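Quick notes on the structure that follows.
Read-outs throughout are calculated quantities, based only on the coordinates presented, and are distinct from any laboratory measurement. Just so we're clear, the structure is a prediction, and the values are computed from it rather than from any experiment. Here the Cβ positions follow ideal geometry from the backbone for every residue, glycine too, while neighbour counts run over all protein chains shown.
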Amino acid sequence: MRMTTKARRAAPMSPDDRRASILDAAIPLILERGADVTTREIADAAGIAEGTVFRAFPDKNALIDGAVERVMDPADTLAMLGAIDPAQPLEVKIEQIVMLLHSRVGSVVRFMTALGPREHARAKAADHHGHRHPPLGEATDVVVRLLEPDRERLRVSVPAAVDYLRILVFGTSMPFLATGAGSDPSALADFILHGVAHDASDA
């Protein structure tokens with residue numbers, strides 16, 4: 001008996017779900033292959049025909065721009081920060097906050113490094129609006145809420161503490177700024193809590 005192979009047909013999905021599934025497949029490949037990844041490789045990883053990719057995205061550049069926007073989207077990190085219990089001890093909260101923000105910056109840096117220099121939709125949109133957010137600025141409100149119950153323990157105001165925390169996490173996560181000594185988020189959390197010098201009572 002002669003066997004025939006039918007062409008793959010993508011399972012029915014809404015346009016948004018189809019785009020999301022393609023981006024899910026594309027992001028790990030971009031991390032591995034950078035901008036050299038092909039739409040055929042992405043289609044194979046997504047389990048669809050290459051033509052389906054081009055029904056979801058007009059071209060490869062648009063697909064990569066969509067991947068950049070997905071990686072840059074802070075929604076997941078903000079949700080995890082929002083799930084932290086403000087009633088926990090300050091030390092626990094600081095470590096959780098630093099871990100989440102450090103992971104976010106690290107994932108963005110790894111992705112953009114793999115992709116290499118390029119213009120993308122998010123950068124163009126920011127320029128269009130005439131401003132850019134400060135590093136990790138999207139996390140400011142939720143971190144303020146988490147630190148507010150401990151304001152009496154802080155040596156600076158809550159907004160100042162949040163600014164210092166954001167700047168330290170961002171700076172120590174950037175490979176061209178840090179030497180590697182500041183890349184341990186647990187050590188960074190301890191430094192944010194206790195500073196550079198031992199307390200005199202520890203001597």
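Here are a few things to note about the model shown:
- Exposure proxy ranking for Arg18, Arg155, based on other Cβ atoms within 10 angstrom of each Cβ and starting from the fewest, stands as Arg155, Arg18.
- Two-decimal Rg to Rh for the stretch 15-69 - Kirkwood Rh, Cα set: 0.90
- Relative exposure of Ser173, Ser107, judged by other C-beta atoms within 10 Å (fewest first): Ser107, Ser173
- Here the gap between Phe176 and Arg70, fully extended at 0.36 nm per residue and compared with their Cα-Cα distance, gives a gain of 35.8 nm.
- Span from the the stretch 9-44 Cα centroid across to the the stretch 54-120 one, whole angstrom: 18
- The stretch 38-47 - phi-based ³J(HN,Hα) in whole Hz, Karplus 6.51/-1.76/1.60, Gly and Pro as x: 9, 5, 5, 4, 5, 4, 4, 5, 7, x
- For Ala49, nonlocal amide neighbours, meaning residues 5 or more places apart or on other chains whose placed amide H falls under 5 Å from its own, are Ala10.
- Counting neighbouring Cβ atoms within 10 Å and putting the fewest first, the residues Lys60, Lys93 line up as Lys60, Lys93.
- Net lengthening on full extension, Val156/Asp85 (0.36 nm per residue, minus Cα-Cα): 23.4 nm
- Paramagnetic label zone (point 7 Å from Cα along Cα-to-C-beta, His194; backbone N under 12 Å) in the stretch 141-171: none
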